[in-house]
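Peer 1: Encoded as structure tokens, here's the structure I'll be asking about.
The values are calculated or read from the model by the stated rules, or taken from the named source; none is laboratory data. Bear in mind the structure is a predicted one, so any value in this text is a computation, not a measurement. Counting neighbours? That spans all protein chains shown, and the Cβs are built from the backbone with ideal geometry, glycine included.
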Amino acid sequence: MRVKICGITKPEQGQAIAQLGATALGFICVPASPRYITATQIQAIVSRIPQHFERIGVFANTTCAEIFQVVTDGDLTGVQLHGEESPEFCTQLRQSLPTGVEIIKALRVRNSQALAQANFYVDCVDTLLLDAYHPQMLGGTGKTIDWITLQQFCPSCPWLLAGGLTPENVNDALNQLKPNGIDLSSGVERAPGDKDLTKVAQLFRQLAARKTLADAELNSKIPHESSARREIRLP
Ligand SMILES: O=C(O)c1ccccc1N[C@@H]1O[C@H](COP(=O)(O)O)[C@@H](O)[C@H]1O
């Protein structure tokens, strides 16, 4: 499962979070956010992590030219659109970005009708992300979505769950939903932009324990297959 830790502002924290098990690091490129950093600051962080980690820039209601510049200067592998970007804008952005750059469209879920919007985006983005709705803030709110309303959500492209996830509630969320990945920001912070590495480590311990349990359950369900595999290996 993809695990994106977002709102990173400090090189040493980016490095530590990658080592702890994140698959993606997120950088806030929205000037109004307390987690905002420039392309030069992003570059300083990503230069310290191996190339296989995903590096996602979060934008809201800006231009294709601005996004292109930050992607290039910051050496990003993907962009997350967190504002009111239309499907047409996503299509236009695809044409202006280098090939292979992932486009993630965030939908801020106010009610179940908001999920219907997903249909308009599935053909022009790579991935959807669901975040909680807040009347004054675009993201990083720490508010959870009412997960029950997402139980029928099954878009034809991969999707990430965001919104108020913490090491304490992530198990509950993943017991109810099966996203392709999760995205955490304020739930693993001491203050905006200052990640709490103890909480990040706690998160990855929870996820590892879940995986061990799931693997054990799977193995107990296929005893014949595993003994057949053992027999094949015998001389
Ligand atoms: O984090 C921000 O400051 C931010 C600003 C503008 C747009 C998006 C932002 N963050 C995104 O919000 C979600 C959820 O955050 P949280 O876990 O509830 O704190 C996450 O995808 C961030 O990328």
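Peer 1: Using the structure shown, decide if L150 is touching a strand residue (DSSP E or B) at 6+ places or on another chain (Cβ under 7 Å), of a type outside the set (K, R) and more than 15 Å from C6 (Cβ to Cβ).
Peer 2: Here the answer is yes, as L150 does meet what is asked.
Peer 1: Restricting to the range 88-108, name every residue that is within 20 Å of the chain's Cα centre (by Cα), within 10 Å of Y121 (Cα to Cα) and more than 12 Å from the ligand (Cβ to nearest atom).
Peer 2: If the condition is that a residue be within 20 Å of the chain's Cα centre (by Cα), within 10 Å of Y121 (Cα to Cα) and more than 12 Å from the ligand (Cβ to nearest atom), then C90 is the only one that fits.
Peer 1: Do you know which residues across the range 89-107 are in contact with a strand residue (DSSP E or B) (Cβ under 9 Å, 6 or more places away or on another chain) and assigned to a helix (DSSP H, G or I)?
Peer 2: Within the range 89-107, F89, C90, L93, R94 meet the criteria.
Peer 1: OK, next. Looking only at residues in the range 58-88 that are part of a helix (DSSP H, G or I) and small (G, A, S), which one is farthest from I37 (Cα to Cα)?
Peer 2: Once the filter is applied, the top-ranked residue is A65.
Peer 1: Search the range 82-99 for residues being crowded, with 17+ Cβ neighbours inside 10 Å and touching a helix residue (DSSP H, G or I) at 6+ places or on another chain (Cβ under 7 Å), and hand back the single one that is farthest from Q51 (Cα to Cα).
Peer 2: Ranking the qualifying residues of the range 82-99, first place goes to C90.
Peer 1: Right, another one. Has the range 95-105 got any residue that is of a type outside the set (A, V, I, L, M, F, W, C) and at pLDDT below 95?
Peer 2: no
Peer 1: Does Q113 satisfy the criteria of being in a strand (DSSP E or B), under 25 Å from D172 (Cβ atoms) and of a type outside the set (F, W, Y)?
Peer 2: no
Peer 1: Can you find, within the range 22-54, the residue that is surrounded by the most Cβ atoms within 10 Å (Cβ to Cβ) among those that are near the ligand (Cβ under 9 Å from one of its atoms) and of a type in the set (G, A, S)?
Peer 2: G26
Peer 1: State which residue is surrounded by the fewest Cβ atoms within 10 Å (Cβ to Cβ) when the search covers only the range 135-153 and only residues that are within 12 Å of the ligand (Cβ to nearest atom) and free of Cβ contacts under 8 Å to residues at least 40 places away in the same chain.
Peer 2: Step by step, filter the range 135-153, then rank; the result is Q136.
Peer 1: If the Cβ limit is 9 Å and pairs must be 6+ apart or interchain, which residue in the range 56-70 that is under 14 Å from C90 (Cβ atoms) and at pLDDT 95 or above pairs with which residue that is of a type in the set (G, A, S) and buried (at least 21 other Cβ atoms within 10 Å of the Cβ)?
Peer 2: Filtered contacts from the range 56-70: A60/A106; A60/G139; I67/G57.
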